[in-house]
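Derivation of every value follows stated rules applied to the coordinates shown; laboratory data play no part. On a predicted model such as this, the values are computed, not experimentally measured, just so you know. Note that we place each Cβ from the backbone using ideal geometry, even for glycine, and neighbour counts take in every protein chain shown.
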Amino acid sequence: MQNAKTAISETIKVLYDLDLEVEVNRPEPEFGDFATNIAMKLGKQLGQNPREVAQKIIDHLRGVDLDWFESAEVAGPGFINIRINNSQLVEAVNGVLTQKDDYGKNEALAGKCVLVEYLDPNPFKEIHIGHAYQGTIGDAIATLFETSGANVHRVTYQGDVGLHVAKAIYGILRRTNNDPDKLHNVPELERPKFLGETYAMGATAFEESDDAKNEIAELNKKIYDKSDSDINQIHETGVAWSMKYFDEVYTAFGFTPFEKNYLEGMVAPEGLKIVKDHIKDGIFEESDGAVIFKGEPYGLHTRVFINSNGLPTYEAKDLGNAMLKWRDYAYDKSIIITGEEQAEYFKVMLKALEQFAPEQANGTTHISNSLVKLSTGKMSSRTGDVIRALDLLEEAEEVAKKLAKDESAPSKDAAIAGIKYAFLKNRIGGDIVYDVDESLSLEGNSGPYLQYAHARARSILQKNQKQIIPLSDLDENERILASKLDEYQEVVKQATEQLHPHIICTYLFDLAQAFNRFYEHNRIIGGQREQQRLALVSAYAIILKNGLSLLKIPAPERM
């Protein structure tokens, strides 16, 4: 595709002495391999007939020695449809067979340091379906950067201090009759649920009782200044329980381990110091006993960075987090993934950061992920009405066992594929309604469907007793599949540049559909072109596996 863009841009420069960015896309196979509407845009700009402009561009391309070009034609009101020669597609498919697991990797971001912060589960709370969603998209985005040659660091940021912890400890004190030693009586398997219940108890009390609200506020201070040994003991125990539980969930979902956990207690002193240091230069200002940043001059809103009790707010802690991450990694790009409710918050926080650390702020991209909806609406850990991530996985695995065509097939792999693909096939930013049966169906756009497509291709190859040899030519039917295979590297780069894993999902499903059409109408095993077609099947299986790997979805040999 890049060859086509370059050739057309150079042609426009020669014919019209204009430097224009040319957009090229992949049309339906009957229209060629590439298409562009640049002649329509150029015709409007020049006041000329777009079809005539398109024909001039094509005539010039025909006269240039391009090793990839075969033909082109004008279509409709001025589209240019281009067909590349078969040798280019043969070379592309043979490249898949040669590179195998490395096919699709590139060096576009070689030497760049990329930090990806996501999931961010808070101690004293359970990991729910929303966390599973964010972990899935964060892991996939990090993997895309790795595939582009970047040095990627996965980190998470967790609230081990703050009002939510005070609420949880309030609930724990009620459940243990103010005796922290009783925590040892809670069975290990029940600890995550216990913490979730006690947090919900404290959160409800905070809303319903002024006395409880005051007590929780006092607990919050004690947690920060570590002035009460019993509270310290509860806090340390709860954090330790939570971290162990978090690691168990990450492992169950096949998430790549985090390189580092940043904790609010770790970054709070840094954030507090930053804000205080920048009062004198006017970035922050005092207001009613608190310290604020005025966002209105930037089209934003005002937020509190130090509250009236002298404690750093989330905003100040995020400033501390940003600076500690910079000191640890000196990143070229920092990606932060949070819930959509924090979108406006992050605009203010990053604008404040920009005032004294522009390189860090400008190198940071905040991605707002959408909600995972259920029939009961938005989940809330305040009430305890949540779908736990491990329960979600267990239910999916049970359904996968019932749907499996092969009883020995790995149902855990299918469950993970069903959940992750259901999350990833949607564009980040739109709400998701998760349906377990739909996510595990082998007859729709699902992760298990793609796993089955891969297993089916591997089965075809296993039936063949001959060695796979490189392609030498293509007939017209093979050409359509080869052209689709040739798209993969472009798709990987596009998904990485746009931070959109759903582009990979869409491509893999379309590829599987293209292969199904090819398989239905073309004999492979025992046919006259068996070796050529087995090479295509092998390349197809490799790309399916590599694409699923980008999504952190396993590609089993059987389903």
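Here the 3J(HN,Hα) profile of region 41-50, calculated from phi with Karplus coefficients 6.51, -1.76 and 1.60 at θ = phi - 60°, is 5, 5, x, 5, 5, 8, x, 10, 5, x Hz, Gly and Pro shown as x. For region 410-521, a Kirkwood radius taken over Cα pairs fed into Stokes-Einstein (37 °C, viscosity 0.692 mPa s) yields D = 209 µm²/s.
Using Cα atoms only, what is the angle between the long axis of helix 229-252 and the major principal axis of the chain, expressed in degrees (0 to 90) to the nearest 10? That works out to roughly 20 degrees. Computed over region 2-84, the percent of Cα pairs more than 16 Å apart is 44. The H on the amide N of Thr364, modeled in the peptide plane, is under 5 Å from the matching H of Ser334, each at least 5 residues off or on a different chain. Amide H to amide H distances under 5 Å link His128 with Ala389, where only residues 5 or more positions off or on other chains count and H is placed in the peptide plane. What FRET efficiency comes out for Leu20 versus Ala343 if R0 is 25 angstrom and r is the Cβ-Cβ distance? Round to the nearest 0.05. The calculated FRET efficiency here is 0.15.
Partners of Lys182 within straight-line reach, counting aspartates and glutamates whose Cα lies under 12 Å from its Cα and excluding those fewer than 8 residues away in the same chain: Asp230.
Each part reduced to its alpha carbon centroid, region 15-65 and region 476-503 end up 22 Å apart.
Once the Cα atoms are used to define both axes, helix 389-403 deviates from the longest principal axis of the chain by about 40 degrees.
Relative to one another, the C-alpha centroids of region 105-150 and region 167-239 are positioned 31 Å apart.
Ordering Lys125, Lys100 by the number of other Cβ atoms within 10 Å of each residue's own Cβ, fewest first, gives Lys100, Lys125. Along region 497-503 the Karplus relation, 6.51 cos²θ - 1.76 cosθ + 1.60 evaluated at θ = phi - 60°, assigns HN-Hα couplings of 4, 8, 6, 10, x, 4, 5 Hz to successive residues, with x for each Gly and Pro. Given R0 = 60 Å, the distance between the Cβ atoms of Arg517 and Glu354 translates into a calculated FRET efficiency of 0.70.
Remark: for residue pairs Lys5/Lys100; Lys222/Lys260; Lys41/Lys351, the C-alpha separation exceeds 32 Å in Lys41/Lys351.
For region 316-329, 3J(HN,Hα) computed residue by residue from phi via the Karplus equation (6.51, -1.76, 1.60; θ = phi - 60°) reads 5, 4, 5, 5, x, 4, 4, 6, 5, 4, 5, 5, 6, 10 Hz, glycine and proline entered as x.
Here the simple spin-label model places points 7 Å from the Cα toward Cβ, and for Glu207 and Asp391 these points are separated by 1.8 nm.
Length gained on full extension, Lys112 to Ile279, computed as 0.36 nm times the residue gap minus the Cα-Cα distance: 56.7 nm. In this structure, the pairs whose alpha-carbon distance is over 20 Å, taken from Lys105/Lys484; Lys280/Lys347; Lys317/Lys347, are Lys280/Lys347.
Each label point was placed 7 Å from the Cα along the Cα-to-Cβ direction; for Gln465 and Glu259 their separation is 5.1 nm. Once the chain from Ser368 to Asp102 is taken as fully extended at 0.36 nm per residue, the excess over their C-alpha distance is 92.7 nm. Would you work out if the chain is rounded, prolate or oblate? Take a ≥ b ≥ c from the square roots of the eigenvalues of the alpha-carbon gyration tensor; rounded if a/c is under 1.5, else prolate when a/b is larger than b/c, oblate otherwise. Here the chain falls in the oblate category.
Using the empirical formula 2.2 N^0.38 Å as the baseline, the Cα radius of gyration of region 136-238 reaches a ratio of 1.39. Taking amide H positions as modeled 1.01 Å from N, with prolines and chain starts lacking one, the residues under 5 Å from Leu263 and 5 or more places away or on another chain are Gln158. Residues Lys463, Lys294, ranked from the fewest to the most other C-beta atoms within 10 Å, line up as Lys463, Lys294.
FRET efficiency for the Asp332 to Lys402 pair, using the beta carbon distance and R₀ = 56 Å, is estimated at 0.75. All Cα-Cα distances of region 236-328, cut into 5 Å bins from zero to the largest, leave 3, 12, 18, 17, 15, 12, 8, 8, 5, 1 percent in each bin in turn.
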